[in-house]
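Only one structure is covered here, and it is reproduced in the block below.
The values are calculated or read from the model by the stated rules, or taken from the named source; none is laboratory data. Keep in mind the model is a prediction, meaning the values are calculated, not measured. Note: ideal-geometry Cβ built from the backbone for every residue, glycine included; neighbour counts use all protein chains shown. Accessible surface is based on the protein model in full, side chains and every heavy atom, while ligands, DNA and RNA are left aside. Shrake-Rupley method; radii C 1.70, N 1.55, O 1.52, S 1.80 Å.
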Amino acid sequence: VNQVFESVAKKYDVMNDSMTLGIHRIWKDILMHKMNPSPGTLLLDVAGGTGDIAFRFINYVRSMQERRLQRKLKNHQNLSWQEIFESYQKDKFNSLGDSQVVVCDINREMLKVGKQKAQHLGYSEGLSWVLGNAEELPFDNDKFDVYTIAFGIRNVTRIDLALQEAYRVLKPGGRFLCLEFSHVSNPLLSRLYDLYSFQVIPVLGEVIAGDWRSYQYLVESIRQFPPQEELKAMIEDAGFFKVDYENLNFGIVAIHSGFKL
Amino acid sequence: EEEEEEWHQLYPGHIPTSPLQKALLAAGSAVMALYDPYRHDMVAVLGETTGCLALPNLRDKMKNHPEGYHILQERPRIRLSTLDMARLQGLPGGSLGREYVRFLEDNKVSPDTRMPPKFVDDEELAYVIQRYREVHDLMHTLLGMPTNMLGEVVVKWFEAVQTGLPMCVLGAAFGPVRLSTRKLQVLATELVPWAIRSGLNASCVLNVYYEQRWEQPVESLREELGIFPPP
């Protein structure tokens, strides 16, 4: 799997846009809305390589903070300047509201691309990059508020271990969120989806990235991944409660969610 | 079973493809090759996916010719590891071997950069296209054309006429797009007509066992094949 991602890292984003016709951006936006992080949230994004989830998290939290600030300003209209100044001192107003995201990926190349993107797009605060394995995370127990893994868990050899690790590093009350390709039950759609996956995607891989084989692997790994209910059961086995899933685009993609109590 | 075709790898590096995939690859590689001329792999892919008529034709020409037949039997490969560069350099000036080495040095190219075929579904035809690619530098030598854009286009015209490969035809037709008008003029008035005449007049260039002819003077080989002297 590692070799697949080294050759794929640089063209990852271009390929994602081409394969999904840009729709992967919407899926990731929906994930972020579902998460609805409050200020001060500590997020661990696993297999987050090129930073898509991390950047969205930062944007979301920033815009929430801006709204808070606007509301505060409205409320402060009747106060004196002295009182307003003092209230700012107290809050130590942070544009991110103390929210932070740690991006963890097993592949150095993907992290490199992510860091470059962050620099290019101007993301610096509240963001850190860690090399690590989802099956054996380099973090202490009960550390994070939210754990996400977007289009990464299907590349993990022992999914059960990754889920156990996710449980371990989450704080009590923490949330597990997984965005991944899943199974389409509708027979007609399923056939069209298969046709597109097997006929078009490797061709795109060859033409855009010069790499047929990696994208053939990608398509095959999607088919072998456990369907919605099976993944739900696996998440429950790891100890999570209130596990459910939401299908996007008829099951082409699904978001699984669970809580550590 | 979700997949339609089984994994029938006919030669190392072979990727079996359905007709739909070949069509998509042909279209995609054509667009990408025009968009990014540094994607030589796309030109190669285009050649493989569109060569289904021309390649068998070439193979048959080779089969029906004693020297070509020999080549198909022995499957020689032109690679730095198989060429005795020192010996070729020592050959007299004007000989095929000496001029070939001079060409490689002047243009700073190597025969090892040719892509191995992936999408040809017949291992003999895969060899034919491989041979065509490896012989390309010898075409440059025989035609006396450098590896700049102009030289490449001229060689493509020659190859298009000789092989009938759609990829050569497309390359010959679209290659000139990036040339200046002055060069285009030279191309249109002198070089291309000469390349076409030579291509039509010459016997099949794939039927020459070049590896056995390093000592032969280039001019003599040109005459034997029927390539007119370059302008």
Shielding by partners - mean other protein chain Cβ count within 10 Å, residues of A:177-190:
0
Taking a probe of 1.4 Å and leaving out DNA, RNA and ligands, chain B shows per residue an accessible area in Å² of 49
Which residues qualify? For B:S95, with a placed amide H closer than 5 Å and at least 5 residues away or on another chain, they are B:V218
At 7 Å along the Cα-to-beta-carbon direction for both A:L21 and B:Q9, put a label point, then send me their distance in nm to one decimal.
3.4
Averaged over A:199-212, how many beta carbons belonging to a partner chain fall within 10 Å of each residue's beta carbon?
5
Among beta bridges that DSSP assigns inside chain A, antiparallel share in %, nearest 5:
40
Rounded to the nearest 100 Å², the accessible area buried between A and B, both sides, probe 1.4 Å, is 1500
At a Förster distance of 22 Å, what's the computed FRET efficiency of A:E136 paired with A:S221, Cβ-Cβ distance as r, to 0.05?
0.60
Under the definition of partner shielding as Cβ atoms of other protein chains within 10 Å of a residue Cβ, what is the mean value for peptide B:20-29?
4
Which part of the range B:183-224 falls in the paramagnetic zone of B:D60, meaning amide N under 18 Å from the point 7 Å along Cα-to-beta-carbon?
B:204-207
Cut-off 10 angstrom, C-alpha nodes, Gaussian network model of chain A. Which of A:P138, A:P187, A:P172 fluctuates the most?
A:P187
Explain nothing, just compute: Karplus ³J(HN,Hα) = 6.51 cos²θ - 1.76 cosθ + 1.60, θ = phi - 60°, for every residue of the range A:15-29 in order, whole Hz, x for Gly and Pro.
5, 4, 5, 5, 5, 9, 6, x, 5, 4, 5, 5, 4, 5, 4
In a Gaussian network model over chain B where Cα atoms closer than 10 Å are linked, find which of B:G144, B:G93, B:G47 has the largest mean-square fluctuation.
B:G93
For chain B, list the DSSP H helices whose alpha carbon atoms reach 15 Å or more along the long axis and whose average Kyte-Doolittle value is 0.5 or above?
B:19-35, B:149-163
From phi via Karplus (6.51, -1.76, 1.60), per-residue ³J(HN,Hα) for the range A:199-215 in Hz, x at Gly/Pro:
8, 8, 4, x, 4, 4, x, 5, 6, 7, 10, x, 9, 5, 4, 4, 7
Anisotropy class of chain B from Cα gyration tensor, a/c 1.5 cut
oblate
Which whole-number percentage describes the relative contact order of chain B, with Cα contacts under 8 Å and a sequence gap of 6 or more?
24
If I take R0 = 30 Å and measure r between the Cβ atoms of B:C52 and B:F174 in this structure, what FRET efficiency does the formula 1/(1 + (r/R0)^6) give, to the nearest 0.05?
0.90
For helix A:81-91, what angle does its Cα long axis make with the longest principal axis of chain A, in degrees from 0 to 90 and rounded to 10?
40
Crossing angle, helix A:159-169 versus chain A [Cα axis fit, 0-90 degrees, rounded to tens]
10
How about the range B:34-113: which trypsin sites (Lys or Arg not before Pro) there lie in a loop by DSSP and see at most 11 other Cβ atoms within 10 Å?
B:K108
Along Cα→Cβ, 7 Å out, is where each label goes; now give me the distance between the ones at B:I196 and B:E74 in nm to one decimal.
3.7
Length gain on complete extension for the stretch B:T189 to B:D122, per 0.36 nm per residue less the alpha carbon to alpha carbon distance?
20.1 nm
Selected from A:K115, A:K11, A:K242 as most flexible by GNM, with chain A as the system and alpha-carbon contacts under 10 Å:
A:K242
How far apart, in nm, are two points set 7 Å out from the Cα along the Cα-to-Cβ line at B:N107 and at A:I30?
5.3
Between A:S190 and A:E236, what FRET efficiency follows from the Cβ-Cβ distance if R0 is 30 Å, with the result rounded to 0.05?
0.70
In cubic angstrom, how much convex hull volume per residue do the alpha carbon atoms of chain A span?
137
Neighbour cut-off at most 11 other Cβ (10 Å), DSSP loop, GluC sites (Glu not before Pro), the range B:126-183:
none
Carbon and sulfur: what percent of the range B:78-191's accessible surface (1.4 Å probe)?
57
